[in-house]
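**Q** This is the structure, below, for whatever I ask next.
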Amino acid sequence: MKKFFTGLMFLLLAVPFVHADDITKDETKLPAEARSFIKQHFSNMEISHIKIDKELLRADKYDVIFTNGIEIEFDHEGNWKEIDGKHHTVPSSVLPDKIRNYISSNFNGEHVTKVERTSSRYEVELNNDRTLKFDKDGNFLKLDD
């Protein structure tokens, strides 16, 4: 019985530290890479709040939400993983030149509303609900309607 209560106490004390979210407006809580990215591409937008997702007392990811609804997800090092414009235009400056040029040549008049980036690809959603997939070097792979 003593082991049961000891185990239960450990769980009750440890669980709050395993996963916790912080909500703040303080940009200094972001890694320098994320702050620089925001300053470069979103300087004219106001941050509503920043959600810091923590795992085991270390920030795992950061979600920056602007007052117009645009949301950027950064990893723990401050590298952007996803930008969701929520139907607003995502600044084309966040895209590599090759992707930006492909979109302007083949989808003139359309604008980007969401971008996801992994180590191997980019997935770009346009305002016409088409999704374009590119490799990490910006080479077009396929179109999903």
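The values are calculated or read from the model by the stated rules, or taken from the named source; none is laboratory data. Predicted model, so just to flag it, every value in this text is computed and none were measured. Counting neighbours? That spans all protein chains shown, and the Cβs are built from the backbone with ideal geometry, glycine included. Areas reflect the complete protein model, heavy atoms only, side chains present, ligands, DNA and RNA absent. Shrake-Rupley method; radii C 1.70, N 1.55, O 1.52, S 1.80 Å.
**Q** Would you tally the net charge around residue 119, using a Cβ to Cβ cut-off of less than 14 Å, leaving residue 119 out, and scoring K and R as +1, D and E as -1?
**A** -3
**Q** In what order, largest first, do 28, 113 sit by accessible area if the probe radius is 1.4 Å?
**A** I get 28, 113, largest accessible area first.
**Q** Sticking with this one: What accessible area, in Å² to the nearest ten, does a 1.4 Å probe give for residue 145?
**A** For residue 145, the solvent-accessible surface is approximately 140 Å².
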